[in-house]
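J.: First, the structure itself, so that you have it in front of you.
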Amino acid sequence: MTITQDSVVTLHYTLRDDGGEVIDSSSPGSPLSYLHGRGNLIPGLERELQGKSAGDKLNVTVAPADGYGKYDETLVEQIPRRALKGISNIKVGMRLHAQTAHGPRTVTVTRIVGDMVTLDANHPLAGKSLSFEVEITAVREATEEERSHGHVHGPGGHHH
């Protein structure tokens, strides 16, 4: 069976950044399962998997526009440390939930200079090309319940 709209796809993957560093991967014995064509993966990867079958192995490079988007400088702001009341021990790399002009966002503390804290609401992989090594282990038809919910149930999916 080939991967089409609403196929349940099970795969192993390794994700590397531009420099070849491993950013993420499926853990041994725990492949990722997803419902194809529902936006559960980044668009560039999902497009490359369309029409593939169980047993296929592929290397896919996804440009920022088809991944987590371009890096947007307007999503970076500096605020006084006192605006983060209730959060002690602020460190670079911390991820916080914040109300921004663009709605609720997860922001990353990228810099602290004196009393000023720089927060970045870009996805950590925004602006990066992503390289995936993928091995498709199974493809099946989605159940009616999975189609109506828009995601996979059972191993590797939701509702374990």
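J.: Work through the residues other than V76 whose Cβ is under 14 Å from its Cβ and net out their charges, Lys, Arg +1 and Asp, Glu -1.
T.: Surrounding charge for V76 is -1.
J.: Please report, in debye to the nearest 20, how large the charge dipole of region 38-160 is about its Cα centre when each Lys and Arg carries +1 at its beta carbon and each Asp and Glu carries -1 there.
T.: 600 debye
J.: Can you pull out the chymotrypsin sites (Phe, Trp or Tyr not before Pro) in region 1-81 whose DSSP state is coil and whose Cβ has at most 15 other Cβ atoms within 10 Å?
T.: Those that pass, being in a loop and sparsely packed, are Y71.
J.: Then there is this: In region 1-123, if every C-alpha pair distance is counted and binned at 5 Å from zero, what percent goes to each bin?
T.: So the P(r) values, bin by bin, are 2, 9, 15, 16, 14, 12, 12, 10, 6, 3, 1, 0.
J.: Percentage of Cα-Cα pair distances in region 49-98 greater than 12 Å, rounded to whole percent?
T.: Above the 12 Å cut-off, region 49-98 has 80 percent of its Cα pairs.
J.: Sum -39500 (n - 2.57) across every DSSP H segment of at least 4 residues in the chain, then divide by the residue count to get the 222 nm mean residue ellipticity, nearest 500.
T.: -2000 deg cm²/dmol
J.: Taking 2.2 N^0.38 Å as the expected size of a compact globular protein, what ratio does the Cα radius of gyration of region 87-136 give against it, to two decimals?
T.: Here the Cα radius of gyration is 1.48 times the empirical estimate.
J.: Counting only residues 5 or more places away or on other chains, whose amide H sits under 5 Å from the amide H of Y71 once H atoms are built in the peptide plane?
T.: Result for Y71 returns G127.
J.: Okay, next question. Determine ³J(HN,Hα), in whole Hz, for all residues of region 22-30 in sequence, where each value follows from phi through the Karplus function 6.51 cos²θ - 1.76 cosθ + 1.60 and θ = phi - 60°; x replaces Gly and Pro.
T.: Per residue, the Karplus-derived 3J(HN,Hα) values read 6, 9, 7, 7, 6, 7, x, x, 10 Hz.
Taken together, the values in this text are just the output of simple stated rules run on the coordinates, not laboratory data. The model shown is predicted, which means the values in this text are computed figures rather than measured ones. Note that we place each Cβ from the backbone using ideal geometry, even for glycine, and neighbour counts take in every protein chain shown.
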